[in-house]
Amino acid sequence: MKRWLSGLVALVALLMVAFQIYTAGYAPMTAIYQRSIHLTFILVLLFLTTPVSQKWPSWLRWTVDGALIAASLAMGGYIYFNYNAIIDRFGWWEPSDIYMGVLAVLLVLEASRRAIGWPMTIIAALFIFYAYAGPHMPGVLAHKGYGTERLVGQLYLTTEGIFGVPIGVAATFVFIFILFGSLLEATGAGKFFIDLAYALAGKSRGGPAKASVVASAFMGSLSGSAIANVVTTGAFTIPLMKKLGYRPEEAAGVEAAASTGGQIMPPIMGAGAFLIAEYTQTPYLTIVKLSIVPAILYFLTVYLFVDLIAAKRGMKGMPAEELPSARQVMIDGWHYLIPLFILVYYLFKGVSAMKVGFIGVLSIVLASNLRPKPGNENGRRLHVLLHLLAMGYLMYIGFQPSHGFALWQFYLVVGMTLASTLSPYSPLNLPHLASGMISGAKASIPVSVATAAAGIVVGVVGLTGVGLKFSHLVVSASGGHLLLALILVALASLVLGMGLPVTASYIVLVVLAGPALQDLGVPLIIAHLIVFWYSQDSNVTPPVALAAYAASGLAGTDAMRAGVQAWKFAKGLYLIPLLMVYAPGIMFTGSALHIAIDLTRALLGLWSFAAALEGFMFKLATPLERAMLLAAGVAIFWPSLTYNLIGFAILALAALMNRARAA
């Protein structure tokens, strides 16, 4: 990239970060203004960093991309400066409103093509076509049809389309937490969490694979991106798994499955928790509480697969001399845990997610300075004392609402954070910090573009009512049977996941299939969680398994083989949502007895399925034992106490038979 272009990209990215930090920490803006400015930044950054085509001559590329950048600024500026007038003439649009709306739709479609590929672009375009072609559609899909003015009004001039809830979540919560994860990585926390995982799990059989699961739980819960998790932790874990005896495709599959779990692991959960909170009007903390145990069960399932493979092949752990000392790792990196404790603490205190993200971002920089560089001992002590005071002041204003502290306090705490990197004892410096911010801004592009494109789908669904019709089709096809409806939703998610990123897949599926699950008696919040879990399968399920493909490159193996292994290890993605419906105690709802029974069912049922698929308990399982394990898993999951007891008995018998042969 040319120097002038790199400088321009850095300037746009840093301006965007400054805008997001200001609105997150001090003055949240009205929805339409926040979302339009955010999308404008995203489009400009995308068109600067992703050319229309690498094959075109430079002058032609920049002619097209320059025009698109200018169009993006015009589109965002038009909404920002004219929105009050637009509201006053609501429904009586001027020609300029429509022209700008058409431009906005075209910009989002082109951005979708560049950032996330053709599938989402085609789906959004098909929904636009559906809005026009309603009178010509068959059966229940027919509607009266809408013209350009009505459609553009819905998609551009209201908060029901492009500037709807999905982009609103990306423009507020998601961006600030992506920045949080990016800065955490930039300060060296990634290595700390990987070393800690090896120190905790490396000595046990299959140590590197178990360390991969633990490290992915740490890192994924912060980055919220399966692919980013793969390339971060996989670079360390995959070579060691291969060295220990795991086949390359198994090493890639373990890493992909574990990394995918990061997107369902609190506290960040990618964009999912924030979208669910907005759609269901449920406090973010409630989403986190409901998700903790299911996420832990998912990681336990992956961990169990890893352990069974290691036991089956007689693998040992890594030698102690090759592993970092847990004590030394904690001494060297304890300060990286502070931002996490602060983040969780404020979430549980009920502080808004945007404010928590703001506090988290600043606390990373301040906490990283608590281990100063070598130098004069008195100077180092003063350095640490000043940073502790700055963190204390940050936490003080964190408990006040944004309107409860003065603007000078906001500038003071941000200024102290930036100034901290100028200390001669600081392990950071301004260029390093800026690089982390720029990386965070770039990392937000795919999510924001996906939510903008998904806004087109949501807008058309709301305009035409096709969501209710789709729900009717699902209910009819399932014959009113909830289990069959869940299977149909899972299959629909798999098809959508072949072309859409996780966030877009969740949004599209939940507006179409979510009401069907509610009609069959599934509570609103559980329906959203189920769809969100199913939408993760595009990372691990062939033929499109993005996280597995990324891991296969690191493992040097065939992508499809890696995808098959990831699909096996990630069975929890399909099984645990069933438990959310049929064993709600795993989310700590109901009486203590029901919670204990449901957790027992979950643990034993998941173990049965894992042992059946891997063909090992204490010894290689016979075909009869594998069949018994599979039958036990199904019976334990079945929502009937009688079947559960039968399942427990079959599992116990299979275990005794296998153990007797192993003796």
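Sorted into 5 angstrom bins from 0, the C-alpha pair distances of the stretch 313-394 split as 3, 13, 18, 17, 14, 11, 9, 7, 5, 3, 1, 0 percent.
By the Stokes-Einstein formula, at 0.692 mPa s and 37 °C, the stretch 372-517 with its Kirkwood radius over alpha-carbon pairs has D equal to 163 µm²/s.
Scalar couplings 3J(HN,Hα) for the stretch 23-37, obtained by applying the Karplus form with A = 6.51, B = -1.76, C = 1.60 to θ = phi - 60°, are 6, 6, x, 10, 9, x, 9, 4, 3, 5, 6, 4, 6, 5, 5 Hz; x denotes Gly and Pro. Taking N as the residue count of the stretch 551-663, its C-alpha radius of gyration divided by 2.2 N^0.38 Å amounts to 1.21.
Once backbone amide H atoms are built at 1.01 Å from N, residue 316 has 206 as its partners under 5 Å, excluding neighbours fewer than 5 places away on the same chain. Computed on the stretch 449-532, the Cα convex hull volume stands at 78 Å³ per residue. As a ratio to 2.2 N^0.38 Å, the alpha-carbon radius of gyration computed for the stretch 482-603 takes the value 1.15. Scaled to the globular estimate 2.2 N^0.38 Å, the Cα spread of the chain, given as radius of gyration, is 0.99.
If the limit is 23 Å between Cα atoms, which of 191/289; 210/355; 203/242; 289/568 go over it? Too far apart for the 23 Å limit: 191/289; 210/355; 289/568. A Cβ-based charge dipole, computed about the Cα centre of the chain with Lys and Arg at +1 and Asp and Glu at -1, lands at about 1320 debye.
For the stretch 141-146, 3J(HN,Hα) computed residue by residue from phi via the Karplus equation (6.51, -1.76, 1.60; θ = phi - 60°) reads 7, 6, 8, 6, x, 9 Hz, glycine and proline entered as x. Accessible area per residue (1.4 Å probe, heavy atoms of protein chains only) ranks 88, 97 as 88, 97, with the largest value leading. Karplus-based coupling profile of the stretch 349-358, in residue order and whole Hz: 7, x, 5, 4, 4, 4, 5, 4, x, 4, with θ = phi - 60° in 6.51 cos²θ - 1.76 cosθ + 1.60 and x standing for Gly or Pro.
The average projected area of the stretch 65-173, computed from the convex hull of its Cα atoms over all directions, is 8.2 nm².
Could you work out the Kirkwood radius for the stretch 1-79, taking every pair of different alpha carbons, averaging 1/r and inverting it, reported in Å? Before the final figure, lay out the partial values.
On the way: mean 1/r = 0.0736 Å⁻¹.
It works out to 13.6 Å.
What value, in deg cm²/dmol to 500, does the helix sum -39500 (n - 2.57) over DSSP H runs of n ≥ 4 give at 222 nm once divided by the residues of the chain?
Working: 31 runs with 493 residues, N = 663.
Result for the chain, helices only: -24500 deg cm²/dmol.
Note on the stretch 104-239: the C-alpha convex hull projects to 12.1 nm² when averaged across all orientations. Each 10 Å bin, from zero up to the one with the longest distance, holds this percent of the alpha carbon pairs of the stretch 538-591: 26, 35, 20, 15, 3.
Per residue, the stretch 511-627 exposes 35 Å² of accessible surface when a 1.4 Å probe is rolled over the protein heavy atoms with every protein chain present.
Within the chain, what whole-number % of the accessible surface is contributed by carbon and sulfur, with the 1.4 Å probe and all protein chains included in the calculation? It would help to have the intermediate numbers written out before the result.
Details: 17800 of 25830 Å².
Of all accessible area on the chain, carbon and sulfur atoms account for 69 percent.
Residue 227 contributes about 70 Å² of solvent-accessible surface, heavy atoms of the protein only, 1.4 Å probe. Residue 642 exposes around 90 Å² of accessible area when a 1.4 Å probe is run over every protein chain in place.
What lysines could a cross-link reach from residue 469, if we take a straight Cα to Cα line under 16 Å and drop same-chain neighbours fewer than 8 places away? Within the straight-line cut-off, residue 469 pairs with 144. Principal axis extents of the C-alpha atoms in the stretch 241-349 (largest first, rounded to whole Å): 50, 33, 18.
Cα convex hull of the stretch 1-158: how many Å³ per residue?
Numbers: hull volume 23.2 nm³, N = 158.
Looking at the stretch 1-158, the number lands at 147 Å³ per residue.
For residue 195, the solvent-accessible surface with a 1.4 Å probe is about 40 Å², rounded to the nearest 10.
Per residue, the solvent-accessible area of the stretch 325-397 (1.4 Å probe, heavy atoms of protein chains only, all protein chains present) comes to 46 Å².
The values are calculated or read from the model by the stated rules, or taken from the named source; none is laboratory data. What you are looking at is a predicted structure, and each value in this text was computed from that prediction instead of being measured. Methodologically, a virtual Cβ is constructed for each residue, glycine included, from the backbone with ideal geometry; neighbour enumeration extends over all protein chains shown. Side chains are part of the model used for accessible areas, which takes the heavy atoms of the whole protein and leaves out ligands, DNA and RNA. Shrake-Rupley method; radii C 1.70, N 1.55, O 1.52, S 1.80 Å.
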